[in-house]
1. Out of everything in the stretch 44-61 that is free of Cβ contacts under 8 Å to residues at least 60 places away in the same chain and under 9 Å from the mean Cα position of the chain (by Cα), what residue ends up being surrounded by the fewest Cβ atoms within 10 Å (Cβ to Cβ)?
2. Residues to consider are 30, 4, 16; find the one that is more than 18 Å from residue 87 (Cα to Cα) and either in a helix (DSSP H, G or I) or without any contact (Cβ under 8 Å) to a residue 12 or more places away in the chain (or both).
3. Can you confirm whether the stretch 2-13 contains a residue that is more than 12 Å from residue 109 (Cβ to Cβ) and surrounded by 16 or more Cβ atoms within 10 Å (Cβ to Cβ)?
4. Out of the stretch 93-136, which residues are in contact (Cβ under 8 Å) with a residue 24 or more places away in the chain and farther than 23 Å from residue 55 by Cα?
5. Only one of (1) surrounded by fewer than 18 Cβ atoms within 10 Å (Cβ to Cβ); (2) over 13 Å from residue 15 (Cβ atoms); (3) in contact (Cβ under 8 Å) with a residue 60 or more places away in the chain; (4) in contact with a helix residue (DSSP H, G or I) (Cβ under 8 Å, 6 or more places away or on another chain) fails for residue 74. Which number is that?
6. Determine whether residue 84 is touching a residue at least 12 places away in the same chain (Cβ under 8 Å), surrounded by fewer than 18 Cβ atoms within 10 Å (Cβ to Cβ), within 30 Å of residue 133 (Cβ to Cβ) and touching a helix residue (DSSP H, G or I) at 6+ places or on another chain (Cβ under 8 Å).
7. Counting only residues that are farther than 18 Å from residue 25 by Cβ, under 16 Å from the mean Cα position of the chain (by Cα) and crowded, with 20+ Cβ neighbours inside 10 Å, how many does the stretch 93-116 have?
8. Just to be sure I understand, how many residues within the stretch 29-43 are surrounded by fewer than 15 Cβ atoms within 10 Å (Cβ to Cβ) and within 22 Å of residue 113 (Cα to Cα)?
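Nothing in this text is a laboratory measurement; each read-out follows from the coordinates by a stated rule. As the structure is a prediction and not an experimental result, all values here were calculated from the model. When we count neighbours, we look across all protein chains shown, and the Cβ atoms used for this are built from the backbone with ideal geometry, even at glycine.
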């Protein structure tokens, strides 16, 4: 039994779904274009993000949904296009965390959300911007 309210559960599930989407998208970029940076590094970070959210689900007894994005992600014609779309995705991810942070005051959940948001804005976004600027 969970002791989270409905908004907290929904926030957790929304965050997990978005991290699943990022992981799946970046995984397909690697399949399509090979072991390229920054995707090769960031896909591993996205897996850690998924794992952190799954740990919260387990702690609060929230049943996580399966990853619905495995084969339902956009495909790109170039690495540059993938980087440009990844920039948009990381900006949207940061905005999602702004929203879900408002759903809870629980220190452990807030800590995870802030860490994942920081990874998107402080590390992933600059890496994808550099990638897009290279014009691959």
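1. Step by step, filter the stretch 44-61, then rank; the result is 47.
2. Just a single option satisfies the conditions, and that option is 16.
3. Yes, the stretch 2-13 contains at least one residue that is more than 12 Å from residue 109 (Cβ to Cβ) and surrounded by 16 or more Cβ atoms within 10 Å (Cβ to Cβ).
4. 125, 127, 128, 129, 130, 131, 132, 134, 135, 136
5. If we test residue 74 against (1) surrounded by fewer than 18 Cβ atoms within 10 Å (Cβ to Cβ); (2) over 13 Å from residue 15 (Cβ atoms); (3) in contact (Cβ under 8 Å) with a residue 60 or more places away in the chain; (4) in contact with a helix residue (DSSP H, G or I) (Cβ under 8 Å, 6 or more places away or on another chain), just (3) comes out false.
6. yes
7. Of the residues in the stretch 93-116, 3 are farther than 18 Å from residue 25 by Cβ, under 16 Å from the mean Cα position of the chain (by Cα) and crowded, with 20+ Cβ neighbours inside 10 Å.
8. Adding up the residues that qualify gives 1.
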